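The values are calculated or read from the model by the stated rules, or taken from the named source; none is laboratory data. All of these numbers come straight from a predicted model, not from anything done at the bench. Here the Cβ positions follow ideal geometry from the backbone for every residue, glycine too, while neighbour counts run over all protein chains shown.
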Amino acid sequence: MSFAYALAGLLGLCLAWAVVRLVREARQRRALLAWLRDTASAELPDGDDAWREVFSAQRQLQKENRRDLAQLTMRLERFLKATQAIPDGVILLDADDRIEWHNRVAGEQLGIALEDDQGTLIVHLFRYPVFLSYLRRFRSGEATEDGLSLELGTPPRQFLVRLLPVANQGSLLLLRDVTDMVRTERMRVDFVANVSHELRTPVTVISGFLEQMTCDEPPQGEDAKRFLAMMSDQAGRMRRLIEDLLTLSRLEGESRLVSEDEIVMPTMIAELIEEADALSSGRHTVTCGEVEPVNLFGNPEELRSAFANLLSNAIRYTPEWGEITVRWQVHEGKPVFSVQDTGIGIASDHIPRLTERFYRVDRGRSSSSGGTGLGLAIVKHVLSRHGGCIKIDSTPGRGSTFSAMLPAERLRR
Ligand code: ADP
């Protein structure tokens with residue numbers, strides 16, 4: 001009898017243990033399910049028995065996943081930062097040519113914002129037939145490596161546009177602003193053409209005279225003298241041009257001023273006026289206006305040549321009996337060297353271009369007076385190397401004032 005009670009008791013105990021186990025199993029399974037549904041916020045319990053191993057393996061897995069995710073996020077952030085640092089515009093297009101992402105530069109170049117333009121068809125931004133045909137060629141797999149030259153934005157800028165395939169779907173649109181490169185290239189081509197043109201005239205004249213001098217009946221006496229004088233005139237023109245070209249190339253080649261010194265300006269001005277008088281040969285009145293008893297710190301050779309250039313221009317573009325006045329003043333603490341003339345003057349639309357190489361208002365007048373068309377370009381370079389600039393005030397028919405404006409720190413009292 002007592003054995004039967006003991007057995008029943010044992011069975012009861014086993015049953016109770018089994019129920020407790022089942023309840024605990026169910027609770028741990030529920031905890032696991034809750035955690036699986038929301039791994040970020042739900043807590044994974046420690047677990048016991050067989051569950052302990054499962055939970056600990058899960059916890060390990062979660063830790064590794066979090067580490068991988070953090071690394072991936074970091075790499076993605078670095079990649080995006082690197083893309084933002086690219087000086088070119090980058091636009092990622094999906095397989096339907098819709099904007100998926102773009103970097104900051106592309107946004108600035110095209111005036112677009114990702115929040116507003118994400119999903120926009122790229123052809124809605126580039127409504128140019130040339131771009132549509134370029135896109136078509138790209139889609140059909142034709143060679144498009146050379147890219148496409150497009151003028152975009154206001155004020156218009158020149159862009160090189162290129163499409164690159166991205167892993168079998170979508171594409172990358174690259175936008176490179178080549179405005180400055182195109183301008184520099186155009187300037188280079190223009191410069192070579194101008195130099196060739198400037199040299200061609202004297203060379204043609206000299207070779208024409210030489211032909212006559214070497215023919216069977218060469219000119220004699222006064223004629224020969226006249227021919228030789230004209231040849232020497234043209235040779236002088238070539239020499240001046242080459243000298244000015246060399247000066248310009250030296251100024252452009254040296255980024256820093258090599259030697260600087262204090263220039264005693266009243267003395268330099270007196271010398272410049274004397275030289276101008278000699279150049280004018282009494283045809284003009286060259287006077288000294290206000291000359292402040294202050295000095296200038298800079299490269300004496302460069303500044304002397306720039307100031308002499310302004311004086312020589314005043315003489316060459318002022319008819320006989322005109323007046324030329326040189327001044328050395330201090331305006332608001334800044335030194336200003338100026339040359340005023342009562343010459344032919346310049347129409348206002350020419351003024352902004354006068355310092356361009358070979359720009360002349362009247363080519364014939366410049367050449368006949370011995371001009372190379374490079375004088376003011378040299379003056380501008382010299383002044384900018386000294387932190388200054390040139391200011392031109394002029395009225396056609398009444399005269400001009402060319403002022404070399406220099407920074408206050410170059411003034412020596
Ligand atoms: P150039 O050798 O032709 O004189 P510059 O560069 O010195 O070349 O000057 C450029 C142009 O500016 C000249 O061709 C001339 O048309 C104009 N210019 C310069 N100085 C004067 C001036 N004082 N009065 C009128 N025009 C001037």
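Descriptive notes on the structure:
- Some residue of the stretch 43-64 being within 43 Å of the chain's Cα centre (by Cα) and assigned by TED's automatic domain parsing to the domain that holds residue 28: no
- Taken over the stretch 358-373, residues that are surrounded by 15 or more Cβ atoms within 10 Å (Cβ to Cβ) and within 7 Å of the ligand (Cβ to nearest atom) amount to 7.
- Yes/no for residue 403 being more than 10 Å from the ligand (Cβ to nearest atom), more than 28 Å from residue 197 (Cα to Cα) and buried (at least 19 other Cβ atoms within 10 Å of the Cβ): yes
- When residues of the stretch 360-398 are limited to those that are among the hydrophobic types (A, V, I, L, M, F, W, C) and assigned to a helix (DSSP H, G or I), the one farthest from residue 248 (Cα to Cα): 383
- Some residue of the stretch 249-258 being in contact with a strand residue (DSSP E or B) (Cβ under 6 Å, 6 or more places away or on another chain), farther than 30 Å from residue 206 by Cα and within 16 Å of the ligand (Cβ to nearest atom): no
- Residue match in the stretch 233-242 (condition: closer than 28 Å to residue 385 by Cα, of a type in the set (Val, Ile, Thr) and either in contact with a Gly (Cβ under 9 Å, 6 or more places away or on another chain) or not in a strand (DSSP E or B) (or both)): yes
- The listed residue being at pLDDT 90 or above, hydroxyl-bearing (Ser, Thr, Tyr) and either closer than 25 Å to residue 374 by Cα or part of a helix (DSSP H, G or I) (or both), out of 207, 259: 207
- Every residue from the stretch 302-317 that is hydroxyl-bearing (Ser, Thr, Tyr) and more than 7 Å from the ligand (Cβ to nearest atom): 305, 312
- Within the span defined as the stretch 276-297, one or more residues are more than 16 Å from the ligand (Cβ to nearest atom), in contact with an Asp or Glu (Cβ under 6 Å, 6 or more places away or on another chain) and assigned by TED's automatic domain parsing to the domain that holds residue 378.
- Residue match in the stretch 388-399 (condition: within 13 Å of the ligand (Cβ to nearest atom), more than 34 Å from the chain's Cα centre (by Cα) and crowded, with 18+ Cβ neighbours inside 10 Å): yes
- Just one of (1) closer than 21 Å to residue 296 by Cβ; (2) touching a residue at least 40 places away in the same chain (Cβ under 8 Å) fails for residue 267. It is (2).
- Selection status of residue 355, within 9 Å of the ligand (Cβ to nearest atom), under 29 Å from residue 408 (Cα atoms) and in the same structural domain as residue 391 (by TED's automatic domain parsing): yes
- When restricted to residues that are in contact (Cβ under 8 Å) with a residue 24 or more places away in the chain, in contact with a Lys or Arg (Cβ under 9 Å, 6 or more places away or on another chain) and away from the ligand (no atom under 11 Å from the Cβ), the stretch 374-387 contains 2.
- Cβ-Cβ under 7 Å pairs, at least 6 apart or on other chains, the stretch 321-347 side within 20 Å of residue 274 (Cα to Cα) and in contact (Cβ under 8 Å) with a residue 12 or more places away in the chain, far side among the acidic types (Asp, Glu) and surrounded by 19 or more Cβ atoms within 10 Å (Cβ to Cβ): 322/341; 324/341
- Flag if residue 153 is closer than 23 Å to residue 83 by Cβ and either out of contact with any helix residue (DSSP H, G or I) (no Cβ under 8 Å at 6 or more places or on another chain) or at pLDDT below 90 (or both): yes
- Test: residue 324 is within 13 Å of the ligand (Cβ to nearest atom) and modelled with pLDDT of 95 or more: yes
- Pick from the stretch 336-349, criterion more than 16 Å from residue 380 (Cα to Cα) and more than 7 Å from the ligand (Cβ to nearest atom), ranking: surrounded by the fewest Cβ atoms within 10 Å (Cβ to Cβ): 349
- Residues of the stretch 166-189 classified as touching a residue at least 40 places away in the same chain (Cβ under 8 Å) and of a type in the set (D, E, K, R), total: 2
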